[in-house]
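Here's the structure we're looking at; comments come further down.
No value in this document is a laboratory result; all are computed from the given coordinates. Just so you know, these numbers come straight off a predicted model, no measurement behind them. FYI the Cβ positions are ideal-geometry reconstructions off the backbone, even for glycines, and counts take in every protein chain you see.
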Number of protein chains: 2
Amino acid sequence: MDGRVKPGHDENEALLSSTAFKDRYFEDYIPGSGFEYGEIRVGEAEILEFARRFDPQDMHVDPEAARRGRFGGLIASGWHTGAMMMRLLADNFLPKEASLASPGIDELRWSHPVRPGDMLRIRVTVLEATPSRSKPDRGMVRTLIAVLNQDSNVVMSLKPMNIIARRSAL
Amino acid sequence: MDGRVKPGHDENEALLSSTAFKDRYFEDYIPGSGFEYGEIRVGEAEILEFARRFDPQDMHVDPEAARRGRFGGLIASGWHTGAMMMRLLADNFLPKEASLASPGIDELRWSHPVRPGDMLRIRVTVLEATPSRSKPDRGMVRTLIAVLNQDSNVVMSLKPMNIIARRSAL
């Protein structure tokens, strides 16, 4: 990652809480609201470095073999794309104090290759915000996240869950 | 990651193809067969390094704040755990030539914190192996992967899909 994370902007200001994202609570995540953040530039050196460590398949670590392969060139490990997505989410969307944990992700899809030089951004849509029945100080927020490249191809999509503290828990 | 990946061993040798894993093809992935690989030691320095880059939340990057937080100490980013899982999968389970792509993952769950000093291994069960209808040279392999720590707690589970070339495509 080049670390070039541009400040996020919000697509749907009417639905967005005016609260700074780091101070948000469960109550600020309104189903139907949508946001866009990014971008991050994907460098060839970072693709190689991540994949040598975590996903040393030829398509991710060997530019020559990748050129002859089915993608016609080096592509990022899907876990690298997910990690870059996470950086945008942590920097822009999740609260600093109130983000308690993530139980998991449903329907993660890698739908388009991520190549050196791509510029990635994310679109986040709040799908559901459900107060916990057993723990009144928190709730579960479900989102749909699309990771887009500079041509607006969806390269990855996922439905993560996040447990967020309620403001009333303060 | 300390890079200490021990050679994998196979739990269910009766079901395992005798083919070296790097030369495996679609036909070698038999539904019902199970394998275990690892382990990888999780170091505090690697937890901090990964999270500073990709997931800079206090529970992953700030040992002091993490100690006061709900997990009582630093825990690894879930994306880091996933990336370590991927390393064990690439080193031991996926074929070198015949691994074509992964369309995605279903039902990813982070069920237990991963802490500095943990030793992780994976259990892979082949759930389904379905020949492609449209492309006779390949098939889809669905697996259930459990990531276990030294106490055999499941820290993460997931159901990835992998597109694998058929031997007959040679």
Completion exercise
From the option list B:Asp151, B:Asp106, single residue qualifying as within 13 Å of chain A (Cβ to nearest Cβ), surrounded by fewer than 17 Cβ atoms within 10 Å (Cβ to Cβ) and closer than 26 Å to A:Leu100 by Cα is B:Asp106
Handout entry: Members of the stretch B:36-53 that are surrounded by 23 or more Cβ atoms within 10 Å (Cβ to Cβ), at negative phi and touching a Gly at 6+ places or on another chain (Cβ under 9 Å)
Key = B:Tyr37, B:Ile40, B:Val42
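To keep it simple, each residue is scored yes or no on (1) under 22 Å from A:Glu49 (Cα atoms); (2) touching a residue at least 12 places away in the same chain (Cβ under 8 Å).
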position	(1), (2)
B:Ile40	yes, yes
B:His60	yes, yes
B:Met85	yes, yes
B:Asn92	yes, yes
B:His112	no, yes
B:Arg121	no, yes
B:Val124	no, yes
B:Lys135	no, no
Practice task
Scan the stretch B:81-90 and give yes if some residue there is at the interface with chain A (Cβ under 7 Å from one of its Cβ atoms), among the small types (Gly, Ala, Ser) and crowded, with 22+ Cβ neighbours inside 10 Å, otherwise no.
Solution key: yes
Exercise for the section: Using the structure shown, decide if B:Phe35 is among the aromatic types (Phe, Trp, Tyr) and part of a helix (DSSP H, G or I). Expected result: no
